[in-house]
Amino acid sequence: MQKDKTIPILGIETSCDETSVAIASGEKNILSNVVVSSLHLHRKYGGIVPEIACRHHTENINIILDKALKSAKMDLEDIKAVSVTQGPGLVGALLVGISMAKAISYSLNIPIIPLNHLHGHLYAALLGNGCPQFPATGLIVSGGHTNLVNMIDIDNLQFMGQTRDDACGEAFDKVSKILGLGFPGGPSIEKRAEKGDPEKINFTRSYLESNTMDFSFSGIKTAVLYLVQGMKNKKVKPPVSDICRGFQDAVFDMLIAKTRICCQKNNSKSLLVGGGVSANKELRRRLDRLCSELSIRLFLPPKGMSLDNAAMIAALGSYRYNRGKFGDPYFTVQPNLGFLT
Ligand code: KG4
Ligand code: ZN
């Protein structure tokens with residue numbers, strides 16, 4: 001087994017609305033993780049406005065870098081490598097982080113490690129206790145992606161499935177908009193679903209072909225839209241909490257069903273889950289039940305690390321640094337980076 005080294009690695013994450021800088025000293029040891037979100041600036045538009053996100057990153061990245069160094073009680077000169085999100089994400093937003101990372105790398109003459117944001121989300125699941133056994137199933141459930149992978153080890157991933165339309169978090173956000181619950185939708189739908197009656201509204205689950213590990217969430221979003229429109233036309237007040245409960249139950253049934261297939265097909269010994277939707281307590285309970293049934297171990301991001309953060313980028317950077325895997329120093333932004341590229 002590779003021995004972990006306590007080398008200070010700086011991680012930078014600016015793929016969407018969170019500007020984040022973190023310092024890791026080892027593959028699991030996070031010394032600081034500063035995250036500042038521009039979410040409040042996007043709320044009135046009902047979604048992320050790329051121009052606003054970029055401006056926010058530009059205005060804040062230097063301040064956040066200083067805070068991360070201060071909180072780790074370090075100077076910039078103590079940093080031995082810098083890892084940064086290369087993609088996927090918003091092109092302008094990513095460029096702010098990449099430019100900062102390249103400037104630090106050139107000026108200190110230290111390696112730069114470009115990373116895939118989705119891989120970072122999976123790595124966040126390893127920042128708690130314990131080490132996974134492989135092969136493992138990896139499930140990403142974020143605002144932009146829904147993926148299943150077979151992890152032969154941490155850095156060796158096989159693509160298994162993805163959404164064919166909306167991402168899981170995107171479906172939460174769109175349904176929230178239909179119900180007038182604001183943006184982002186995940187936390188408000190989760191809260192309302194807790195009060196909803198599970199027997200009141202039953203949405204059709206879209207399992208696609210029985211053996212596929214792909215997902216589809218656009219049908220359920222349209223079903224919510226038609227239901228709400230139909231009620232409003234009849235001057236009936238939509239039962240928002242019951243709709244949230246029915247929607248969330250259906251979405252999680254689909255996630256669990258495909259994750260189960262992936263675990264069984266690949267003989268997984270562990271399940272790693274990451275991305276914003278993995279903050280949802282009901283999803284965590286269901287994943288826990290699934291793993292008990294399959295007798296495998298579940299790994300979830302620690303508190304605050306389901307959503308975008310640089311700790312996962314710094315820690316994955318450490319993992320790569322320890323193995324001498326630095327990547328191309330002349331890399332450029334890849335807004336459409338796939339899961340396995
Ligand atoms: O991973 P993330 O921070 O950003 C992307 O990489 O996309 O995920 C953001 C997504 C949003 O769609 C948000 O609605 C969803 O995660 N989300 C949740 C919860 N908290 C955030 N979805 C369901 N339940 C939650 N508690
Ligand atoms: Zn993300």
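The values are calculated or read from the model by the stated rules, or taken from the named source; none is laboratory data. As the structure is a computational prediction, the values presented were derived from the model and not from experiment. Neighbour counts are summed over all protein chains in view; Cβ atoms, including those assigned to glycine, are modelled from backbone coordinates with ideal geometry. For accessibility, only protein heavy atoms count, side chains too; no ligands or nucleic acids. Shrake-Rupley method; radii C 1.70, N 1.55, O 1.52, S 1.80 Å.
Compute the length gained on full extension between ASN129 and LEU39: take 0.36 nm times their separation in residues and subtract their Cα-Cα distance, giving the result in nm to one decimal.
Values: separation 90, 0.36 × 90 = 32.40 nm, distance 3.00 nm.
Extending this stretch completely gives an extra 29.4 nm.
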Quiz item: Of the accessible area of the chain, with the probe set at 1.4 angstrom, what percent is carbon plus sulfur?
Solution: 52
Self-check item: Set of lysines near LYS174 by C-alpha distance (under 24 Å), chain-local residues within fewer than 8 positions excluded
Solution: LYS44, LYS191, LYS195, LYS200, LYS221, LYS232, LYS234, LYS235, LYS237, LYS258, LYS281
Practice problem: Would you mind getting the accessible area per residue of the chain, heavy atoms of the protein chains only, 1.4 Å probe, in Å²? | Solution: 44
Exercise. Roll a 1.4 Å probe over the protein heavy atoms and report the accessible area of ARG284 in Å², nearest 10.
Key: 70
Self-check item: Paramagnetic label zone (point 7 Å from Cα along Cα-to-C-beta, LYS200; backbone N under 11 Å) in region 229-243
Solution: 237-243
Exercise. Might you work out the accessible area of ARG285 for me, using a 1.4 Å probe with all protein chains in place, and round it to the nearest 10 Å²?
Key: 120
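Run through region 214-258 and list the trypsin sites (Lys or Arg not before Pro) located in a DSSP loop whose Cβ has at most 15 other Cβ atoms within 10 Å. Numbers along the way, then the final one.
Values: sites: LYS221, LYS232, LYS234, LYS235, ARG245, LYS258; in loops: LYS234, LYS235.
Within region 214-258, the qualifying trypsin sites (Lys or Arg not before Pro) (loop, at most 15 other Cβ atoms within 10 Å) are LYS234, LYS235.
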Exercise. First obtain the Kirkwood hydrodynamic radius of the chain from its Cα pairs, then insert it into the Stokes-Einstein equation at 20 °C and 1.002 mPa s, and state the resulting D in µm² per second as a whole number.
Key: 105
Practice problem: Could you give the size of the charge dipole of region 183-341 about its Cα centre, using +1 on the Cβ of each K and R and -1 on the Cβ of each D and E, expressed in debye and rounded to the nearest 20? | Solution: 280
Quiz item: Taking only the alpha-carbon atoms of region 134-299, what semi-axes of the equivalent ellipsoid follow from 5 times the gyration tensor eigenvalues under a square root, in whole Å, largest first?
Solution: 30, 15, 14
Quiz item: Using 7 Å Cα-to-Cβ label points, what is the ILE63/VAL49 separation (nm, one decimal)?
Solution: 1.9
Exercise. State the Cα centre-to-centre distance between region 243-268 and region 276-314 in whole Å.
Key: 14
Practice problem: Mind giving me the nanometre distance, one decimal, between the label points for LYS303 and ASN29, set 7 Å out from Cα along Cα→Cβ? | Solution: 2.4
Exercise. Loop only per DSSP, at most 16 neighbouring Cβ atoms within 10 Å: give me the GluC sites (Glu not before Pro) in region 187-241, ordered by residue number.
Key: GLU199, GLU209
Exercise. May I ask which residue of LEU181, MET151, GLY138 lies farthest towards the positive end of the charge dipole of region 134-299, with charges of +1 (Lys, Arg) and -1 (Asp, Glu) on Cβ and the Cα centre as origin?
Key: LEU181
Exercise. Pick out, in residue order, every one of the trypsin sites (Lys or Arg not before Pro) in region 24-75 that is DSSP loop and has at most 15 other C-beta atoms within 10 Å; say none if there are none.
Key: LYS73
Practice problem: Have a look at VAL36, VAL82, VAL273 and tell me which one the Gaussian network model of the chain (Cα, springs below 10 Å) gives the largest fluctuation. | Solution: VAL36
Self-check item: Leading residue at positive end of dipole, region 134-299 (Cβ point charges), from ILE243, VAL277, ALA167
Solution: ILE243
